[in-house]
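Below you'll find the structure, written out as structure tokens, and then a few comments.
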Amino acid sequence: MGVSFFKNIVFIPILGLFSCGSSAVEKNQGLAHNIIAQDTLHISENKKATKEESAKIKTTLQDTILIGRSIPAKSSKHILTGANQWQSYMDLLSNKKVGVVANQTSMVNDTLENKHNLRVVDFHLVDFINEFDKNVTKVFAPEHGFRGKADAGEVVKDGVDLKTGIPIISLYGKNKKPTAAQLSNVDIMVFDIQDVGARFYTYISSLHYVMEACAENNIPVIVLDRPNPNGHYTDGPILEPEHTSFVGMHPVAVVHGMTIGEYAQMINGQGWLANQIQCDLRVIKMKNYTHQTTYSLPVKPSPNLPNDVAITLYPSLCFFEGTPISAGRGTSKQFQIFGAPTLSKRNYSYGFTPQANEGAKYPKFKGEYCNGLDLSNTKKLNKINLHWLIQAYTTSGKKEEFFNTFFTKLAGTTKLQKQITQGHSEKQIRASWQQGLNAYNLMRKEYLLYE
């Protein structure tokens, strides 16, 4: 029976291909040897490879030439993320104390195709850098923590990574911005986090504070770019400065249409850091990516965005977080359904009962039966859908209690709530966004790295 491995791999270069091998290549050759010798590659059932399987892997690696580049699938070119282009940034980390802003999405991986049709398990960026230079001194973790299991809004405590012994510093709760003391043992910072392209998804706020702290302490920042699964459009109201918060720090559209690397350039270029200080920024661009490229995330970016449908619906359904409507937290269809006990079964035929689960210890309406809609068959969206929000408000029993103060933070303006309560149609509301979107798209264009 054939061995079925995880779909992603680390880069395994063959030193013999170079007349003069670089230090990075030599160390990555050692990494390849470690992978073979340790015999800890896992098949898809998470079991250790047998000796026979390890021997087959060894033969495969010897027969494979993979020099820090993607092996494209037969049907289309494979996206090469910034993290996968280790030859573009690893030498920049040599002889330096490296800080890494990372979570469970920070993987060095690629698809391996050869005559044996095998897959080699991928590496976390922190482990990968350590295998090269063993110089990661600190890991900084955003909302949801280093391993990405904490609830939205949950305080994540500092600690130590059990695998490496490296100190982990939380960038959530009261400590959103690294302090000078926390940066004292860092010469250069690497930021590698998967974003989903919504203003209220807080990883771009963490990016802002990391850039600001590093600029104030003369520490260069390298952003390893990743695809934006909602990067094919921009939409929504522009945030007004008086409504700035951690779920909206910049005057951008709700769906900003930028990769994390492009967004970092915009933060710098627009002077949004404190006192308009400039961060010493370098973005490692992707290859084979455009804003129209369909990209399915190999690792869920947070506990409540488990799949592509949830990610495409997130910009539309997250507004329910500022209302008495559940967006599916505490179920297996987070951000793919919505509902509440107060909604009429006549209009909302789908039912669910939220319970505590990973990423939702105390979900809204825990243990209560909710009437709602199942949107899990939704195709990829190219605009925010306001119909669901307007309909839920219109059919709710207590309209005066429908919106809470968090809704304004999510919207970045008081206008959206007023428009809905005044009975404006979705078409009218969308028309009111257009002038702001036009201005935003002009600003955005200056910082785009991809078509």
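The values are calculated or read from the model by the stated rules, or taken from the named source; none is laboratory data. Computed from a prediction, not measured in an experiment: that's the story for all the values here. A quick note on method: Cβ atoms are made from the backbone with ideal geometry, for glycine too, and the neighbour counts reach across all protein chains shown.
The condition of being touching a Gly at 6+ places or on another chain (Cβ under 9 Å) and assigned by TED's automatic domain parsing to the domain that holds residue 195 holds for residue 251. With respect to (1) under 29 Å from the mean Cα position of the chain (by Cα); (2) not in a helix (DSSP H, G or I), the lone exception for residue 347 is condition (1). Of the residues that make up segment 287-295, is at least one outside any strand (DSSP E or B), touching a Cys at 6+ places or on another chain (Cβ under 7 Å), in contact (Cβ under 8 Å) with a residue 24 or more places away in the chain and not assigned by TED's automatic domain parsing to the domain that holds residue 373? No, because not a single residue in segment 287-295 is outside any strand (DSSP E or B), touching a Cys at 6+ places or on another chain (Cβ under 7 Å), in contact (Cβ under 8 Å) with a residue 24 or more places away in the chain and not assigned by TED's automatic domain parsing to the domain that holds residue 373. May I ask you to list the residues in segment 358-385 that are without any contact (Cβ under 8 Å) to a residue 60 or more places away in the chain and among the aliphatic types (A, V, I, L, M)? Selection gives 373 alone. Checking 187, 195, 235 one by one, the residue that is among the acidic types (Asp, Glu) and surrounded by 24 or more Cβ atoms within 10 Å (Cβ to Cβ) is 195 and no other. The set of residues from segment 336-351 being touching a Cys at 6+ places or on another chain (Cβ under 8 Å) and either over 15 Å from residue 365 (Cα atoms) or small (Gly, Ala, Ser) (or both) comprises 339, 340, 351. Kindly provide the set of residues from segment 351-384 that are buried (at least 17 other Cβ atoms within 10 Å of the Cβ), of a type outside the set (A, V, I, L, M) and either in contact with a helix residue (DSSP H, G or I) (Cβ under 9 Å, 6 or more places away or on another chain) or not in a loop (DSSP other than H, G, I, E, B) (or both), ordered by number. Within segment 351-384, 352, 364, 370, 371, 372, 374 qualify.
Of all the numbered requirements in (1) closer than 24 Å to residue 450 by Cβ; (2) at pLDDT 80 or above; (3) surrounded by 22 or more Cβ atoms within 10 Å (Cβ to Cβ), residue 110 misses one, and that requirement is (2). One residue stands out among those in segment 257-272 that are among the small types (Gly, Ala, Ser) and part of a loop (DSSP other than H, G, I, E, B): the one that is farthest from the chain's Cα centre (by Cα), which is 271. The residues in segment 166-210 that are among the aromatic types (Phe, Trp, Tyr) and over 24 Å from residue 299 (Cα atoms) can be counted, and the count is 1. Would you call residue 313 hydrophobic (A, V, I, L, M, F, W, C), modelled with pLDDT of 95 or more, more than 24 Å from residue 233 (Cα to Cα) and buried (at least 21 other Cβ atoms within 10 Å of the Cβ)? It is false that residue 313 is hydrophobic (A, V, I, L, M, F, W, C), modelled with pLDDT of 95 or more, more than 24 Å from residue 233 (Cα to Cα) and buried (at least 21 other Cβ atoms within 10 Å of the Cβ). Screening residue 275 on (1) over 21 Å from residue 236 (Cα atoms); (2) at pLDDT 95 or above; (3) not in a helix (DSSP H, G or I) shows it passes everything except condition (3).
Scanning segment 271-305 for residues being within 30 Å of residue 364 (Cα to Cα) and among the hydroxyl-bearing types (Ser, Thr, Tyr) gives a total of 2. Taken over segment 400-451, the criterion of being closer than 19 Å to residue 324 by Cα, without any contact (Cβ under 8 Å) to a residue 60 or more places away in the chain and surrounded by 13 or more Cβ atoms within 10 Å (Cβ to Cβ) is satisfied by 417, 419, 420, 421. Taking the criterion of being part of a helix (DSSP H, G or I) and of a type outside the set (Ser, Thr, Tyr), the residues of segment 308-329 that qualify are 308, 309, 310, 311, 313, 315, 317, 318, 319, 320, 321, 322. Filtered by the rule that a residue be touching a strand residue (DSSP E or B) at 6+ places or on another chain (Cβ under 9 Å) and within 20 Å of residue 245 (Cβ to Cβ), segment 409-432 gives 409, 410, 411, 412, 413, 415, 416.
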